[in-house]
Amino acid sequence: MGFVIHMGSNERGNNEQGNNERGNNEWAGAARLRGSGSDAVIDAFALARQGGSVQGTVPLVRLARAVEGLPDQPAGEAGLVAWSVRGEIGKGLAKAGIAAGQSLLHLRVQASPMVVCQRCNVPFAYAVDSQTVLQLVKSEDELDNDLSLDTQDPELADSLPEKVVGSHRFDLLAQVEDELILSIPYVPRHPVCPGAQAEDGDAFQAPAVEHPSPFAVLEQLKRKD
């Protein structure tokens, strides 16, 4: 597995002008992780502050918690999880429950894990394409500290960013795996099970009941008269 880090536009400008030494040092520290092997560990706060992005792939079989209890996963490209993360500082969106100045990560996870249909018991690839927003906090005490809960619209509760404890060595794969677990249904089913359409077409059809023509009935009544 590998991943690539992209520099945000603000940081590129600072590098070109050479007027942000602290930002350059932070980014250099993150960039060194590009060749660190199979672990996607970044400085989460720096990524958000600099508006950078990270993307990569990881085999499904490496995400043990996600594939536990599932059938064997395919090898090659079919068995890869593609993920991407984009950082930003929140501009303040009241309707989305995002306060200005919050460190945010936009996470996207795409995969096709093999699951077993609970209706026909046949394995199939379940397509996952999930996107979520993570709000970085500095300690576990901040996870439940949401002053907006008393005033927010209940209908918008599901749209609030998910709070996670950020760090300078933030494990992205743990977040990718969590999102994949949440995206796989507890009771997976085919949209249409294999053979279901054929069975429906071959199903016994009762012969249609023939109703006498009203004109024939009228003719019979005339004859009786």
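The values are calculated or read from the model by the stated rules, or taken from the named source; none is laboratory data. Since this is a predicted model, take the numbers as computed values, not measurements. Cβ placement follows ideal geometry from the backbone for every residue including glycine, while neighbour counts extend to all protein chains displayed.
If you go through the stretch 87-121 and pick out every residue that is outside any strand (DSSP E or B), in contact with a strand residue (DSSP E or B) (Cβ under 7 Å, 6 or more places away or on another chain) and at pLDDT below 95, you end up with 4.
Yes/no matrix, rows are residues, columns are (1) modelled with pLDDT under 90; (2) part of a helix (DSSP H, G or I):
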site: THR132; (1), (2): no, no
site: ASN145; (1), (2): yes, no
site: GLN152; (1), (2): yes, no
site: GLU179; (1), (2): no, yes
site: LEU182; (1), (2): no, yes
